Structure formats: C-alpha cells, structure tokens
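What follows is one structure encoded as structure tokens, with my remarks underneath.
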Amino acid sequence: MDFFRLLARGTKLDDTAAFTEKEKVVEDEDKLAKSLDFFHTHTISAPEARQIAPKHEGEPESHEPVIPYGKSKVTGPDVPHPLTEFKDLASRFQVSESLISRVKFPAPTQIQSEAIPGMLHDRDILACAPTGSGKTLAYVLPIAHILLKQQQNSTGGIRALILVPTKELALQVSEAFTILTRGTTSFKVNVLTKSLLARLTSETGAKAGDVLISTPLRLVRALAVLDFDSLRHLVLDEADKLFDPAFAPQTDDILAHLRGKTLQKTFLSATVPSSVETLALSLMTTPLRILISPGRAAATVAQKLIYAGSEAGKLLAIRQMLKTGELTPPVLIFVQSIERANALFHELVYDGVNVDVLHGERTETQRRAVVERFKKAEVWVLICTDVLARGVDVHGVNLVINYDVPQSAQAYIHRIGRTGRAGKEGKAVTFFTKDDVESVKIVINVMKESGCAVDEWMTRLGKVDKKTKKQLKRKPVERDDISTQPKRRKRKNHSKEKIDGAEKSTKKN
C-alpha cells in the first residue's frame with residue numbers, strides 16, 4: 001500500500017489549511033541508496049542554503065558540539081546558532097539553572113545542538129539523527145522550559161501533544177520529563193493509558209494534563225473527550241513509523257482533528273524515507289531540516305556478519321559465543337516473529353542462560369517488568385521482536401544480535417541502535433543463512449554507508465531490486481524451526497512420543 005497516497009487522497013490533510021502549505025509529489029525510490037541517504041541525495045525541491053541568523057547577545061562564537069555523531073546538515077531560512085554548551089541556554093533563552101542542571105549529557109549532541117535552539121525560536125523541525133543520539137531530550141528540554149515559563153497563564157488544557165508508536169517509548173518520554181522537572185513547580189505530564197481514558201470519559205472536568213503522550217490508536221479513541229484549545233506543540237517521535245501503513249490512518253485522523261490550530265511541529269526519527277520527508281514538509285511552515293548522518297547506523301556501533309549456514313547453525317553460533325565469552329551482558333537478540341522468540345527463549349533457558357523474552361503478546365505490565373529487570377541487570381539476555389527496536393532507551397547494551405536478518409534498512413538501523421548510545425561503543429552481529437541471500441544485501445549496504453569494513457565477496461552481491469525490496473518488507477523469509485535437532489530426528493522423536501503416548505493409553509484401558 002502506498003501510504004502517502006492513503007494520506008493524500010482528497011483528504012483530511014488536503015483540506016487542512018493550517019497544515020498544508022504546498023503540494024509535493026512522491027517519486028519512485030528505485031535504488032537502495034535513496035532509502036539509505038534519506039534526505040541529502042533525494043532532492044524534492046532545491047534546499048535553501050544554511051543562512052545563520054544574526055547572532056544575539058550571549059551567543060557563543062564556536063558552533064561545534066562536543067559529542068559528534070557524524071556529518072550534520074541543516075537547511076532552512078534564518079537557521080539559529082547551534083548550542084555548544086547547555087549552560088548557554090541560561091543567557092540565550094533564559095532557561096532556569098535548575099532545569100539545565102538536570103541534563104545528563106555532558107555537552108549537547110549534534111541533534112540537541114541544532115534542534116533545541118530551533119524549537120526555542122518557535123521553528124517547525126524535521127530531524128533525522130541516529131538512534132541513541134539524544135533526540136528525546138532535544139524536544140523535551142525546550143518544551144519543559146516553555147511550559148514552565150508559561151505556567152501561570154495555563155488554562156488547564158493540553159499544551160503539548162507527543163505521538164509515539166509504542167507504549168514503551170511513551171513511558172520513556174514521560175520519564176524524561178519527570179527527571180528534567182523534578183523539584184520544580186512542575187506541570188502535569190500524562191501517558192494516555194486505558195485508566196486515564198476511562199477517567200476522562202466518565203468524570204466531568206477530568207484533565208489530561210499539560211503534556212499528553214500517546215500511541216496513535218489510543219489517541220484516536222480519546223479525541224472526542226480531549227481539550228486541545230490550549231495546544232501549542234505537536235511532536236511526532238519516530239515519525240517514519242507513524243506514517244507507516246500500520247499507523248497512517250490514525251495519524252491522519254489526529255492531524256485532521258487538529259486542523260486550524262497554530263502549532264509548533266517537531267517530527268523526528270533515525271530513518272526518514274523520502275516519501276515521509278515529502279509528507280512531513282507539506283505539514284510545516286518554513287521548517288528547519290536537521291540531518292545528522294541520515295540513513296546510517298551510528299558510527300559507535302561495530303557491525304559484523306556471520307554466516308551460520310542453517311537455523312541449527314545459528315544456535316551453535318550463539319552457544320559458541322557463550323563459551324568464548326563473546327556474549328557479554330547485557331545483550332539484545334532480535335528475531336522476526338513471536339513464535340521464534342518463544343522458541344529461542346526455551347532453547348537458551350535449557351542452556352542455563354539468564355534470559356527473558358519481550359514481544360507483543362505479553363501484557364503491558366509484563367513488558368514493563370521485563371524491561372525494568374533488563375535495565376537492572378536481573379536479565380542478561382533479552383530476546384525480542386521489533387517492538388523494542390523503536391525508541392526504548394536501555395543504557396549500556398553491549399551487544400545486539402540479529403538472529404534473523406531484518407526485512408529493511410530502517411528495521412536494521414533501529415535494531416542495532418539499541419547499542420552504541422550516547423557516544424558509547426557497541427557491537428552488532430547479524431546471523432545469515434542461504435535463505436537470506438537477498439535480505440543480507442540490505443545489511444551490507446548499511447554497513448558500507450556507515451563506514452564499516454566489508455569483505456570483498458560481500459561487495460559483489462550487488463543491490464536489492466525494487467520488487468524484491470517490497471516483497472521482503474511485506475513478507476519475511478520462511479525459516480525452519482529454531483532447534484539444533486535435524487528435521488528428520490525431530491520427526492522421529494515426535495513419532496516416538498506419539499507411539500509412547502498411545503502405548504500408555506492402551507495400558508490404562
């Protein structure tokens with residue numbers, strides 16, 4: 001499904017004057033390079049050269065942030081001067097010292113250096129930066145400052161709306177606000193849960209808070225009872241996922257509901273395909289486009305491919321890594337389905353590994369408990385589906401293993417972005433078999449784009465054609481069961497179990 005056509009069909013977005021500034025056409029992405037070089041090689045319109053606004057009093061001369069994540073590019077009219085030190089926020093924007101003191105980063109990362117001044121200058125922002133580069137703080141800090149500054153003028157309605165694709169990311173964003181504003185005369189931050197939705201629906205005068213964080217579907221269900229009269233800030237975190245076909249209809253409904261409002265809009269993600277860029281820019285007014293190594297994995301992640309031969313070979317490779325000490329906790333292992341996550345969990349439990357599993361079939365309470373246990377090092381190895389690849393910040397992950405090759409470049413970048421965060425080094429290993437001949441090419445190209453060493457034989461594999469790429473995204477590779485037992489032996493064992501069971505039943509009778 002072409003989700004851009006879905007969103008642009010004669011539509012709610014088309015008749016929304018507050019969001020629609022111009023019409024854009026999505027061009028076919030025939031080459032893998034376009035899905036990797038998300039902005040800078042696929043030109044939609046001639047970008048405006050960076051025009052630095054006149055320097056205001058108190059602004060520093062140096063523009064180089066201390067924590068680099070790769071090449072940066074900022075386009076748009078009157079680009080604000082970058083932030084070089086957090087303490088400069090006090091003189092430039094009158095941000096309180098107490099707020100600045102709670103920032104955990106020693107210095108601004110590149111995305112923070114560009115996005116924070118942009119938001120404090122009330123600019124719309126479209127940002128692409130690697131996972132772990134501090135995107136959450138890049139919007140939480142300016143929103144917190146603005147809301148605290150205007151607290152006395154608050155009417156009690158929602159002033160900032162943050163849309164995220166997963167419950168885990170919603171909780172992470174809420175925690176970031178809590179840490180940053182602790183000890184202040186704080187505003188109210190809420191995650192839209194089932195219980196909050198029930199209270200808003202049943203209780204007269206119930207408030208959603210100053211900042212509301214939600215997933216798309218839950219927010220759509222609550223639109224009728226929410227008060228957006230005071231709304232001034234709209235953030236789409238992991239924007240590429242929110243404009244994905246799975247979320248596009250709900251995102252469309254939300255944007256249509258907010259038509260006519262004057263909002264400061266911020267869209268961020270680690271990967272932003274050109275089609276998403278086109279749509280996002282059509283919703284913004286004179287935006288800043290901030291690109292930090294767009295379409296590349298973080299330079300702090302050492303990436304490696306291992307040919308395992310078969311599904312049994314993958315398990316043997318994991319066990320070999322355990323034996324040699326390469327599996328240094330904490331470790332994340334990604335698989336392509338819930339069934340495979342459970343199967344690998346049972347295999348590793350029998351090996352005595354301190355392991356747990358996280359996927360969509362576990363309840364919200366269970367998922368939250370698993371993530372907390374992993375953060376506290378009570379679980380050393382966490383097996384998960386892509387539910388965890390989006391935005392969940394687990395500090396100190398040493399190793400990410402792609403047990404199954406991901407289906408797209410975007411999925412790969414988000415997975416391995418769980419390690420090498422906040423400037424720390426990490427490792428990512430991807431197992432592949434003969435069944436992954438096509439999908440592994442995507443990983444190889446991301447590795448090359450990220451500056452990783454790639455064996456000569458890998459460069460001869462070529463690129464994935466457009467048709468195959470679409471098929472891989474739509475349907476994962478069919479794989480054998482996760483087991484070190486050959487199929488023939490498994491069938492024999494299964495037959496023996498059936499015979500033994502039948503004999504026991506006969507004896508009972």
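Please treat every number below as a calculation from the coordinates, not as lab data. Here the structure is a predicted model, which means the values were calculated and not measured. Here Cβ is always computed from backbone atoms with ideal geometry, including for glycine, and neighbour counts include all displayed protein chains.
Results, tabulated for the structure shown:
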| item | result |
| --- | --- |
| Listed pairs Lys188/Lys424; Lys323/Lys448; Lys241/Lys463 exceeding 27 Å between Cα atoms | Lys188/Lys424; Lys323/Lys448 |
| Ordering of 203-211, 124-132, 424-432 by burial proxy (mean other Cβ atoms within 10 Å per residue, highest first) | 124-132, 424-432, 203-211 |
| Which of Gln320, Leu332, Trp380, positive extreme of dipole for the stretch 308-487 (C-beta unit charges) | Leu332 |
| Cβ crowding within 10 Å averaged over residues, with 362-371, 158-167, 251-260 ranked highest first | 158-167, 251-260, 362-371 |
| Convex hull projection area averaged over all views, the stretch 308-487, Cα basis, nm² | 10.7 nm² |
| Spin-label pair Asp435/Ala224, simplified geometry with 7 Å Cα→Cβ offset, distance in nm | 4.6 nm |
| Electrostatic dipole magnitude of the stretch 90-225 [Cβ: Lys, Arg +1; Asp, Glu -1; Cα centre; debye, to 20] | 280 debye |
| Extended-chain gain in nm, criterion 0.36 nm per residue less alpha-carbon gap, Arg460 and Arg199 | 88.0 nm |
| Summed residue charge, Cβ within 11 Å of Lys188's Cβ, Lys/Arg positive, Asp/Glu negative | +1 |
| Footprinting exposure proxy for Tyr307, Tyr350, Tyr139 (fewest neighbouring C-beta atoms within 10 Å first) | Tyr350, Tyr307, Tyr139 |
| Among 323-336, 99-112, the order from most to least packed when residues are scored by Cβ within 10 Å on average | 99-112, 323-336 |
| Estimated dipole of the stretch 308-487 in Debye, rounded to 20 [Cβ of Lys and Arg +1, of Asp and Glu -1, Cα centre] | 600 debye |
